[in-house]
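Accompanying notes for the structure given below.
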Amino acid sequence: MKQLGQIHMAYRKPAPRPEVLNMMVDDLAPFGLANILQGFARLRVTYTGQAPISSALLIGACESAVGRLSPDEAWSLALSARDEAATVVWNDEIEQAWWGAAELMRGSRPDLVGGRRAFIDTYTSVCHRKRERGELPIVSASLGTDKRLQVEAVRKAHSRGLDVRP
């Protein structure tokens with residue numbers, strides 16, 4: 001609650017009443033304290049002060065901290081999985097959506113438009129279901145054949161604060 005109050009003060013926003021702050025804290029509870037603080041740190045860097053400080057804004061920052069991306073960011077990341085040498089650090093939601101669109105992405109003439117549509121539809125649905133259950137994404141690495149790229153990708157993910165599982 002103290003951090004929430006400080007964020008409001010930093011951006012010259014009126015502090016909500018304690019019961020509203022409590023509600024926001026409840027909304028963030030599934031992320032755990034470490035992820036919430038990391039999300040707040042990201043918010044301080046990216047927030048412009050234009051939008052109200054809402055639970056949705058705070059949840060978005062916390063989701064980013066745990067590796068949940070926007071559908072477009074997820075699609076962009078998933079496309080790199082087409083390169084067998086590349087190591088992709090993604091989450092279970094992106095991986096599930098990727099395999100949902102894989103059939104359209106195979107062959108010498110992949111259907112990028114149809115694949116993107118199928119990916120985003122699946123990804124949005126998977127994220128929605130996991131949010132409703134209060135589940136966070138599980139970050140993992142899909143290891144490519146290039147050992148140097150494996151180390152680089154995992155190191156980069158760790159520097160972003162992501163807990164990469166084997």
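The values are calculated or read from the model by the stated rules, or taken from the named source; none is laboratory data. This is a predicted model, so every value here is computed, not measured. Cβ sites come from the backbone with ideal geometry, for glycine too, and all protein chains shown count toward neighbours. For the accessible areas, the whole protein counts, side chains as well, though only heavy atoms, and no ligand, DNA or RNA atoms are used. Shrake-Rupley method; radii C 1.70, N 1.55, O 1.52, S 1.80 Å.
Quick look at the numbers
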| read-out | value |
| --- | --- |
| Most mobile of GLU152, GLU63, GLU132 in a GNM of the chain (Cα contacts under 10 Å) | GLU132 |
| Which of ILE36, GLN3, GLN96, positive extreme of dipole for the chain (C-beta unit charges) | GLN3 |
| Gaussian network model of the chain, springs between alpha carbon atoms under 10 Å - residue of GLY39, GLY107, GLY144 with greatest fluctuation | GLY107 |
| Given charges at beta-carbon only (K, R positive; D, E negative), |dipole| of segment 1-121 in Debye | 600 |
| Rounded percent of accessible protein surface that carbon and sulfur make up, segment 23-101, 1.4 Å probe | 58 |
| Calculated FRET value between ARG129 and ASP26, using beta carbons and R₀ = 25 Å, to 0.05 | 0.75 |
| Residue-averaged 222 nm ellipticity for the chain, from DSSP H runs of 4+ at -39500 (n - 2.57), nearest 500 | -19500 deg cm²/dmol |
| Loop GluC sites (Glu not before Pro), segment 68-131 (other Cβ atoms within 10 Å of the site Cβ: 13 or fewer; DSSP) | GLU84 |
| Spin-label proximity, SER80 to segment 130-146 - amide N less than 18 Å from point 7 Å beyond Cα toward beta carbon | 138-146 |
| Neighbourhood net charge (11 Å Cβ-Cβ; Lys/Arg +1, Asp/Glu -1) for LEU104 | +2 |
| Inverse of mean 1/r across different Cα pairs in the chain, Kirkwood, Å | 17.3 |
| Residues whose placed amide H lies under 5 Å from that of THR87, excluding near-sequence neighbours | GLY144 |
| Per residue value of the accessible surface for the chain (all protein chains in place, 1.4 Å probe), Å² | 59 |
| Inter-site label distance for ALA34 and ARG117 at 7 Å from Cα along Cβ, in nm | 4.2 |
